[in-house]
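Down below is the structure, laid out as structure tokens.
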Amino acid sequence: MCRSRRVLAIALGFSIGVWSLGDISTLAAETSTNPELIRQEIIQYGVGANLKLRLADGKKLKGSLVFLAEDGFELRAKPKEPPRHIAYSQVTEVKPTRLSYRAKGQPDAIEARRTVLGLGVGHHIQVKTTTGKEYHGNIQTIDADTFTMLPDRQTSSVEIPFSQVQYVEQNLSIAAKIAIAVVVVVVVATIVVTVILVKSLQAINESF
């Protein structure tokens, strides 16, 4: 009886450990912040940007950036609501509310740039330009009017003006897809093993 309980405890402990891996990274993000980096990032997005924030206390906010100040900024959650002042020191993460952009008619260079900034350097993306060219690759640099990316299976970078971006969005690399598949398999296998162990132990206990 005691032995079966120990086995059950080990199985449940293993399952909890796997599930808690994501919580550790979330906790680290919630408890660390660099106000100056956050300030620079928000300035890059600019007034008018629709942003989503994670605060140091774990809360999440969404809204439109309406004002920038030295110590913080104002975010309006809904059109008819008054803006809320938020200090840069309160924020641990800031991203555009959407990490994809598709032009409706004439390309909007500001919105295209905000999307590329949100995806970030190193991110694997797919982009189509107004010239009809389409690229899949990693972002290398982001400037005021252009960004560079290294297309897959190429050794030379390409520079793309934001004013020529027809659409840009995330495109998972093969390595990222494999990593996600591995995590899913591990989680599913852990759940299956735990369920089998629990049912086996229940059957053993009922037999006594």
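Values quoted throughout were computed directly from the atomic coordinates according to the rules given, and no laboratory measurement underlies them. These figures come from a predicted structure and were not determined experimentally. Cβ sites come from the backbone with ideal geometry, for glycine too, and all protein chains shown count toward neighbours.
What the table shows:
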item	result
Least to most buried among Val116, Val47, Val94, Val168 (fewest other Cβ within 10 Å first)	Val47, Val94, Val116, Val168
Gain on full stretching of the segment that runs from Gln170 to Asn34 - 0.36 nm per residue minus C-alpha separation	46.4 nm
Exposure proxy ranking, count of Cβ atoms within 10 Å, fewest first, for Asp57, Asp108	Asp57, Asp108
Estimated FRET transfer efficiency (Leu61, Val121; beta-carbon r; R0 22 Å; 0.05)	0.30
Residues of type aspartates and glutamates that Lys52 reaches as a straight line, Cα spacing below 12 Å, ignoring anything fewer than 8 places off in the same chain	Glu93
Length-normalised contact order of the stretch 32-97 in % [C-alpha pairs under 8 Å, at least 6 apart]	39 percent
